[in-house]
């Protein structure tokens, strides 16, 4: 089974799960770009099918702490491209360095609807609370 650095799947009927794992370095940049394009298409299609933007849950628990500036820029562009199709993003499994890098990526993409949580349960609860309450 082929392992992807970034993978997107539908979790339930209204949350998209993005898993980012391994290294984000120049060596795997071409594969990351393919993964990103596939995920962008999936996010857009699911949002259009739902007739609304959807929340994103991001698992970085298996992401190594090895990444290059080019990889960070690819992820920032990924966030920019998804802006119209995403209500909110909740990230879990990040250590302090990955949280810091995530905040840089969010800043570069001008996205302010991304929050970091320690556990999957906390992150998912924040997304479900958002969808059952009023959208910001």
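The values are calculated or read from the model by the stated rules, or taken from the named source; none is laboratory data. Worth saying up front: this structure is predicted, and the values here are computed from it rather than measured. Quick reminder, even Gly has a Cβ in these numbers, built from the backbone with ideal geometry, and neighbours come from all protein chains shown.
What about residue 58, is it surrounded by 14 or more Cβ atoms within 10 Å (Cβ to Cβ), under 14 Å from the mean Cα position of the chain (by Cα), part of a strand (DSSP E or B) and without any contact (Cβ under 8 Å) to a residue 40 or more places away in the chain? In short, no.
Evaluate region 35-46: report whether one residue or more is outside any helix (DSSP H, G or I) and closer than 17 Å to residue 22 by Cα. No, every residue in region 35-46 fails to be outside any helix (DSSP H, G or I) and closer than 17 Å to residue 22 by Cα.
Screening residue 30 against (1) part of a helix (DSSP H, G or I); (2) touching a residue at least 24 places away in the same chain (Cβ under 8 Å) leaves a single unmet condition, (2).
Filtering region 89-105 for residues that are surrounded by fewer than 17 Cβ atoms within 10 Å (Cβ to Cβ), modelled with pLDDT under 90 and closer than 25 Å to residue 37 by Cβ leaves a non-empty set. Residue 16 falls short of the stated requirement of being at pLDDT below 95, crowded, with 19+ Cβ neighbours inside 10 Å and either in contact with a helix residue (DSSP H, G or I) (Cβ under 9 Å, 6 or more places away or on another chain) or assigned to a strand (DSSP E or B) (or both). Tell me whether region 20-36 contains one or more residues that are over 20 Å from residue 3 (Cβ atoms), surrounded by fewer than 17 Cβ atoms within 10 Å (Cβ to Cβ), modelled with pLDDT under 95 and in contact with a strand residue (DSSP E or B) (Cβ under 9 Å, 6 or more places away or on another chain). No: zero hits. Filtered by the rule that a residue be part of a helix (DSSP H, G or I) and in contact with a strand residue (DSSP E or B) (Cβ under 8 Å, 6 or more places away or on another chain), region 65-77 gives 71, 72, 74, 75.
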